[in-house]
Amino acid sequence: MKHEGFKDKLYNNDTDIRQRLFVLTTLITEILLVVSLIEIFITDDRLLDRILIGVAILFVFAIAIFSVKKKKIKFGASMICFMLGFIFFPMTFIYGGGINGDAPIWFIYTILVISLLLDGKTRIVFYVMELFVATGCYYINIMHPEIVVESSRIMGNIFSFVSLVLIGLAISVLVGLEVRLFTKEKKRAEEQKKEIEMLNAAQNQFFSSMSHEIRTPINTIIGLNEMILRENINDEVVEDAVNIRSAGKLLLNLINDILDMSKFKSGKMHLLIGPYNTGNMLSDLVGMLWIRAREKNLQFRINVSPDVPAELVGDEVRIKQILINVLNNAIKYTKEGSVSLNVQCEMLDNETANIIYSVSDTGIGIKKEDIPFLFSAYKRVDEDATTHIEGTGLGLSIVKQFLDLMGGKIAVNSVYTKGSTFIVEIPQKLVNDKQIGEYDFEKNHGYGKKSAYKQKFEAPEARILVVDDNEANLMVVSKLLRDTKVVIDTVRSGEAALKLTQNIEYNVIFMDHLMPEMDGIECKKRIRNQTGGSSRNSKIVILTANAGEENRDLYAKEAFDGYLVKPVSGSELESELLRQLPKDMVKVMGGDEEILEETISWMHGSQKRKMVAISTESVADLPKGFIENYGIAIIPHRVRTAEGMFKDGYEIDTAGVIKYMENSTNEILPMAPDAKEHEAFFAKQLSYANNVIHISISSGIENSGCPSAMEAAKAFDNVFVVDSGHLSSAQGLMVLEACRLAESGMSPKHIIEELENIKGKIHTSFIVDNLDYLARAKQVPVRLSNLVKSLMGRPVLVLKRGKMKLGKIYFGSSKNAWKNYINACLSAGSKIDTSVLFVTYVGLSKKEMDWIKEYIEKKMKFDQIIFKQACASIAVNCGPGTFGLLFKEK
């Protein structure tokens, strides 16, 4: 009974396998030690050996009991390995004859126990320590054999033989039992896997059945609703019908979300790739969602760039699903203000375009710490603030998984309490070169208005059969195709269909799939093989509520001539019927223009979102003309005085700073924007652009804004901060380079790479009249400032590795010092890029500037020499009589 109890416990699946291994290994070790003790009692009378093994037995037993009861298996395993490897083995080695005894065999057993019971770094540490112990023992045996207690040759051989047999058997039993343990665990895992697969299959079947059952009544609702919209009805009824249509389509999207999540979990999700019309897709999308926005009194803005391709190749249904989820999410979490959809195109090559969808809202925003959890299924972020908002929690998770399948990506930029922008990018193949162009959506499509029904064709000589077990579905198809004047027969079963097809030739047959007694696939096969049947060559189109790529593949395999998914619109039915009917039977109604799909509103050039916006700080010292021409966004630094805080360039200028500092007792301190200010600044820029590259002043400069900018950028996926490693107009040179690269269409990643490459080619230095201002800012010692001033020295400040350092000091008159400074700066000669030279100055007269320009032109010809007064934040540290030559090397 005890043995059975132990066996049951050993193979009990409720017990952790590591605990079972521990118990088994401990038991085998205890048996080995007990047998060894008996052996010593019989063959050896040394008391020390008996005590050593006796203590080991008690120790292993106590540790085993303690570890199992307290559930500290790792601790117990470590203690037993420690006892075997670092106490029992060396003691056995020293007092058991060294290499001639049984210690080496115990060493092998100890290594096995360490391998079985320990893992990770602990196992490695024990391996190394045991190797050191073994090395030490063998060293003692070789170098100091007198320490090792030698047994008689006969006794040594007996001990060695017995240990060899015992440990050999122990290893065999231990490994055998553990193999059985792992085999049993593997079998259990396989059974669980099969069970999970069966549950997943049952779940998938349930979701598929649910989708089918819900789509059938929705088909009736949407179909009959469309018939209402075709009638001459008053505006109130129109509004109600449009709301019904929108709600029905949103319900379908929710069903798709649930079904698709199940497919993703089972690894059976595939895309249905095919050509689609961009305008038609977007019109349908907006038609679904504008009502939800209107219900909350939100402005719903749609801006689509005219260069977006008119036709693309992709999974239209999934793309629409992605955009519905993102837009629906924006509407849900926005109480007031607006939700905007912007669509742009970025050509990747002649055949591929990157379509960029930007969804912006003025909602509650997302906390920085919640952004990593946005795309988790069933997870809601900031639940305290969103408990009143309905939703499944599936939408964004499905969006992320679909985009991964499509090779696309999604970025989130958000400021908590201010709003969010989701940027979805999907690479798509082009069908042709046609662009969507300009179209006034609000005028031509209209939000919530009844769009006039446009009949595509008439075919009074055509005859079709509709097979469906649901009477309502038969009624819907008949009514939706009524205006085509096609002769329509309807039946509710496969058997009834076969009776008609025996004698009547139908041009097209619309066939439901899941019907009692005979399903649509079987019915199609019988029609095709019907002896003497009149409709053996008819076009047969599957019209089913079974959506999804696996069903589409099934129907393609069964050679159906077409595939329509319920709920089906009148336009889809007419289009499919027009495709299947013989051309000589069809009279097309209206010109091609009337059959063209609706598109969506296009933004004017002035409204177009930028792919990449370039921003910087007021300390970049860029001329106003450059800022306006390139649309560079500027975040101002501040200067703090006793009178208050003033924005650099807005509330205080350089002249005001110089005048204020004429009084040596006045203190003034430049201050960079903090992280919160940067965050608000970046959020504003992202309302105009998909990406923002911010060129910051060197992080090595005192009171730099770079660290706070980088901290703020963490809240956004599409804001990239570049540490320019420079300041003033040298930083401005990097900004201009970034603008040039952005205008060439370069991606943010490549722009940043280029900026990193040119960073080391830019020269930044200033010659100052004295060091007084730096001393007042406590950036140089007052003593040094006084010494340089007393010697009529004019120091040069040079930027090296992102930090301003004191360079050469020129003595003599100001013009003599300036000459030497200019000569030194331009000594590189042909290596200098002569396209532009910035002369950034503080407190120079026009006469002095003219002299500087004239002397520069004598030394070297530049295409442009731009004099720019340094901003107040720079002037604080330099003082009047300062200027610097800032340029780029080739």
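What follows draws every value from the coordinates through simple rules; no lab data is involved. Not measured: the values here are computed from a predicted model. Glycine also receives a Cβ, built like all others from the backbone with ideal geometry; neighbour counts cover every protein chain displayed.
Remarks
- The protection proxy used here, the mean number of other Cβ atoms lying within 10 Å of each residue, ranks peptides 494-507, 571-584 as follows, highest first: 494-507, 571-584.
- Cut-off 9 Å between beta-carbons: net charge of the residues surrounding residue 839, Lys and Arg +1, Asp and Glu -1: +2
- In a fully extended conformation the segment linking residue 435 and residue 650 would gain 73.0 nm over its present Cα-Cα distance, using 0.36 nm per residue.
- 3J(HN,Hα) couplings calculated from phi for the range 81-92 with the Karplus curve 6.51 cos²θ - 1.76 cosθ + 1.60 (θ = phi - 60°) are, in sequence order, 4, 5, 5, 5, x, 10, 10, 5, 4, x, 5, 5 Hz; Gly and Pro show x.
- Distance between the 7 Å Cα→Cβ label points at residue 127 and residue 455: 8.3 nm.
- Dividing the helix sum by the residues of the chain, where each DSSP H run of 4 or more adds -39500 (n - 2.57), gives a mean residue ellipticity at 222 nm of -16000 deg cm²/dmol.
- Likely footprinting exposure, 692, 148, fewest C-beta neighbours within 10 Å first: 148, 692
- Potential lengthening between residue 234 and residue 182 on full extension [0.36 nm per residue; Cα-Cα distance subtracted]: 11.3 nm
- Straight-line cross-link reach from residue 332 at under 24 Å between alpha-carbon atoms covers these lysines, not counting any fewer than eight positions away in the same chain: 249, 296, 320, 367, 368, 379, 400, 409, 418, 449, 684.
- Considering only 625, 862, 466, and ranking their Cα positions along the charge dipole of the chain that arises from unit charges at the beta-carbon of Lys, Arg, Asp and Glu, the one farthest toward the positive end is 862.
- Put simply, the amide H of residue 510, placed in the peptide plane, has neighbours under 5 Å in 465, 466, 467, 541, leaving out anything fewer than 5 places away on its chain.
- Normalised contact order of the range 482-559, rounded percent, pairs of Cα under 8 Å and 6 or more residues apart: 32
- Furthest towards positive pole of dipole, 719, 690, 348, structure part the chain, Cβ charges: 719
- Simple spin-label estimate for residue 855 and residue 206 in nanometres, 7 Å along Cα-Cβ: 8.6
- Here the contact order of the chain, divided by its residue count and restricted to Cα pairs under 8 Å and six or more residues apart, works out to 8 percent.
- Potential lengthening between residue 688 and residue 819 on full extension [0.36 nm per residue; Cα-Cα distance subtracted]: 42.5 nm
- With K and R counted +1 and D and E -1, the other residues having a Cβ less than 14 Å from that of residue 855 yield a net charge of +3.
- Residues whose placed amide H lies under 5 Å from that of residue 304, excluding near-sequence neighbours: 343, 602, 603
- A simple charge model with +1 on the Cβ of Lys and Arg, -1 on the Cβ of Asp and Glu and nothing else charged puts the dipole of the range 457-588 at about 380 debye relative to its Cα centre.
- Contact order relative to length of the range 271-444, as percent, for alpha carbon pairs under 8 angstrom and 6 or more apart: 27
- The ranking of 637, 694, 270 by Cβ neighbour count inside 10 Å, starting from the fewest, reads 270, 637, 694.
- Charged neighbours of residue 486, selected by a Cβ distance under 11 Å, balance to -2 (K, R count +1; D, E count -1).
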